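Encoded as structure tokens, the structure appears first; notes follow it.
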Ligand code: PGA
């Protein structure tokens, strides 16, 4: 397998006003050149162009949190990949469990969004994750592998299609609870297997698989050293530089 550069991404969700830009700048200043990870912040669409301006020249990537599958059209309230890129985004989260739950997004819809992201020049971060009930029923691996197969478009097997997968157990998000390192390793190994069997060893082996769900400065080092954990998707702990910086610094380089 090729060496994968860690990717640490903040997910601000529906948080962030003008004042938050100072936190993003503080992350960039705090890091300087002293880290080897790729680092990004996914923020509400209203902030993206200001965030891109604030982070210009720092190497930090800006991302959206969702995207419509079409490039333009009569879709009131939606934002396309081309629009996100125009605002300065390079990344976009697709299929976050909060969107799957609250907006009825299916694997098929998520795959269409992932395809749209690449069409618009963005690197999609495709999210999967099981519920607590599915884990308790012993179905976690089956559920997340099925989501990954359905949500990552088969044409991502072709060269030059960068994307990341994010494993976020729904019950770990915002709860302060995370799976133990063995469970994380098992899930990531299963997802790597699913990617390789769907896309082949080159494309399926190159995508970083991020872990998400209550990642903090206190647990990041342990999580990030698990085999096949290629980074983190961080919600609550990405909102303040003092919480996010230790997570980025914990990424192995
Ligand atoms: P959390 O959120 O870090 O606040 O648990 C992670 C996510 O939902 O991406």
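Set the Förster distance to 45 Å, then compute FRET efficiency between residue 157 and residue 19 from the Cβ-Cβ distance, nearest 0.05. Result of the calculation: an efficiency of 0.55. Cβ-Cβ distance of residue 36 and residue 189, R₀ of 30 Å, FRET efficiency by 1/(1 + (r/R0)^6): the value works out to about 0.80.
Taking a ≥ b ≥ c as the square roots of the eigenvalues of the Cα gyration tensor of the chain, is the shape rounded (a/c under 1.5), prolate (a/b larger than b/c) or oblate? Cα axes put the chain in the rounded bin. Spin-label model, residue 106 to residue 49: label points 7 Å out along the Cα-to-beta-carbon direction sit 3.6 nm apart. Remark: spin-label model distance residue 222-residue 180 equals 1.0 nm, labels positioned 7 Å along the Cα→Cβ axis. When the Gaussian network model of the chain links Cα atoms closer than 10 Å, the mean-square fluctuations of 230, 160, 217 top out at 160.
Sorting the segments 175-183, 9-17, 69-77 by their mean number of nearby beta carbons within 10 angstrom, highest to lowest, gives 9-17, 175-183, 69-77.
In plain terms, the chain from residue 75 to residue 142 could stretch by 20.7 nm, reckoned as 0.36 nm per residue minus the Cα-Cα distance. Using a cutoff of 8 angstrom between alpha carbon atoms and counting only pairs six or more residues apart, the relative contact order for region 175-253 works out to 31 percent. Mean sequence separation of contacting Cα pairs (under 8 Å, at least six apart), scaled by the length of the chain, corresponds to a relative contact order of 23 percent. Distance between the 7 Å Cα→Cβ label points at residue 196 and residue 29: 4.5 nm. The distance separating the Cα centre of region 31-110 from that of region 200-220 comes to 18 Å. Normalised by the number of residues in region 19-62, the mean separation of alpha-carbon contacts (under 8 Å, six or more apart) gives a relative contact order of 51 percent. Between residue 131 and residue 56, the FRET efficiency from the beta-carbon distance, with R0 = 51 Å, is close to 0.80.
Note on the chain: with a GNM built from Cα contacts shorter than 10 Å, the maximum mean-square fluctuation among 196, 215, 229 falls on 196.
No lab work stands behind these numbers, since they all come straight from the coordinates. Note that the structure is a prediction, hence the values are computed from the model and not measured. Cβ atoms come from the backbone with ideal geometry, glycine included; neighbour counts cover every protein chain shown.
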